[in-house]
Amino acid sequence: MCDVEYLLNSNEPWTVYRTMRDILGMEREDPDVREARTRMIEDPLVRGLVSELSGWPGEVLSSHKSAGQAFHRLSFLAEIGMEKDDPGMKEIIDRVSELTSEDGIPRLPTLIPERYGGTGEVKGAWALCDAPTTLYSLAKIVSPDDKLVRSGFMRLLALAKDNGWPCVVSGELGSFRGPGKKGDPCPYATMIMLKLISEFDDYKDSIEAKNGAACILDLWENSRVKHPYIFYMGDDFRKLKAPFVWYDILNAADILSRFEFARNDPRLLDMVGLIRSKRGSDGRYRPESEWKAWKGWDFGQKKGPSSWIEFLVCRIEKRMEG
């Protein structure tokens, strides 16, 4: 069961704020919510992220799995509830917009060597393993109704196949494609496309969403034999980890739980059951793996409990009950 008092007494203001909003359903204008949000905005760790992202997009994209990439950091700010009018956020959004093409898809400086099918040059480009995350952030921070955001969303939505989303990159990157069969879905691209769809109410029950969810649920059911594009649901996948960066059980369950049609699926229930089994004897959840780029955050270590991870589990449980 969710220990709301523990979450509300967290030293992490983003945990307190999101607990009030997502678990208790408190209004943004409630004095206690406003106070928690102010503490979050003023927290040194949050201010540090905002300051860092003012240099968007940062270094040339080397690995989408790198937790320190700017688009992953922006996604976390969106997750905790930072808004476009908060200090420093407008400058970041303006920088992202400057690198967004007319089709609404944000670009990042990317280099793919010729031996992998790329051009060998740094290009402003997008891949289906980064653009959905950046657009998700814009949808939350700006609005899913923003004309350019919706344009980018529709462009990426149209890339869906019957079995999810394939490995796709923009034309600037040449003929690059990940290590998998052409007809296979990319599990990670499919997962973050579902996350993007979750911000668009008019598509949350769409055939694209249902096919994408079916892909991830099928991979869980057949995790021992199906590993498209070398994405495994093995031991590493099953470790509790935050923030949401890559292909792991907490990220997958959080995304799937956003869709009402998936909440009673026995495969998702099994996934959530495994997550629940990781609660310690003291009633707390601890990170089982860590991202070195997030050292200093309560989820960036494995020695003690993380109120943020506990909140994430609690939010999944609340959705499943609803």
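Readers should treat all values here as calculations from the given coordinates under stated rules, not as data from a laboratory. The structure displayed is predicted, hence computed values, not measured ones. Neighbour counts are summed over all protein chains in view; Cβ atoms, including those assigned to glycine, are modelled from backbone coordinates with ideal geometry.
Using each residue's phi in the stretch 134-146, evaluate 6.51 cos²θ - 1.76 cosθ + 1.60 at θ = phi - 60° and report the 3J(HN,Hα) Karplus result to the nearest Hz, with x for Gly and Pro.
So the J values, rounded to whole Hz, are 5, 5, 4, 4, 5, 4, 7, 7, 9, 4, x, 8, 4.
What are the trypsin sites (Lys or Arg not before Pro) within the stretch 11-52 that DSSP puts in a loop, where the Cβ has at most 16 other Cβ atoms within 10 Å? Don't skip to the answer; put the middle values down first.
Values: sites: ARG18, ARG21, ARG28, ARG34, ARG37, ARG39, ARG47; in loops: ARG28.
Counting only loop positions with at most 16 other Cβ atoms within 10 Å, the trypsin sites (Lys or Arg not before Pro) in the stretch 11-52 are ARG28.
Let me know the charge dipole size of the stretch 64-195 about its Cα centre in debye, to the nearest 20, where only the beta-carbon of Lys, Arg (+1) and Asp, Glu (-1) is charged. It would help to have the intermediate numbers written out before the result.
Values: 17 positive and 17 negative charges, 102 e Å.
With only Lys, Arg, Asp and Glu charged at Cβ, the dipole is about 500 debye.
Using only alpha carbon pairs under 8 Å that are at least six residues apart, calculate the relative contact order of the chain and give it in whole percent. Show your work: numbers first, answer last.
Values: 513 pairs, mean separation 46.7, N = 322.
Reported relative contact order: 15 percent.
At most 11 other Cβ atoms within 10 Å and a DSSP loop assignment: could you name the trypsin sites (Lys or Arg not before Pro) in the stretch 261-308 that fit?
LYS303
Using modelled amide H (1.01 Å from N, peptide plane; none on Pro or chain starts), what sits under 5 Å from the amide H of GLU83, excluding residues fewer than 5 places away?
none
Starting from the 7 Å offset along Cα-to-Cβ, what nm value, one decimal, do you get for the label separation of ASP94 and LEU24?
The modelled label-to-label distance comes out at 3.6 nm.
Take every DSSP beta bridge whose two residues both sit in the chain, then give the antiparallel share in percent to the nearest 5.
Roughly 75 percent of the beta bridges in the chain run antiparallel, per DSSP.
Amide H of ALA125: which non-local residues (sequence gap of 5 or more, or other chain) have their own amide H closer than 5 Å, using H built in the peptide plane?
LEU108, THR110
Could you tell me the relative contact order of the stretch 60-203? Use alpha-carbon pairs under 8 Å, at least six residues apart, and round to a whole percent. Before the final figure, lay out the partial values.
Details: 214 pairs, mean separation 35.4, N = 144.
Taking the mean separation of contacting Cα pairs over the length of the stretch 60-203, I get 25 percent.
With n ≥ 4 as the cut-off for DSSP H runs, can you work out [θ] at 222 nm for the chain, using -39500 (n - 2.57) per run divided by the number of residues, rounded to the nearest 500?
Details: 13 runs with 136 residues, N = 322.
Only helices count here, giving -12500 deg cm²/dmol.
Got a sec to turn the phi values of the stretch 245-254 into Karplus ³J(HN,Hα) couplings, 6.51 cos²θ - 1.76 cosθ + 1.60 with θ = phi - 60°, whole Hz, x for Gly and Pro?
Result, rounded to whole Hz: 10, 10, 8, 8, 5, 5, 5, 5, 5, 4.
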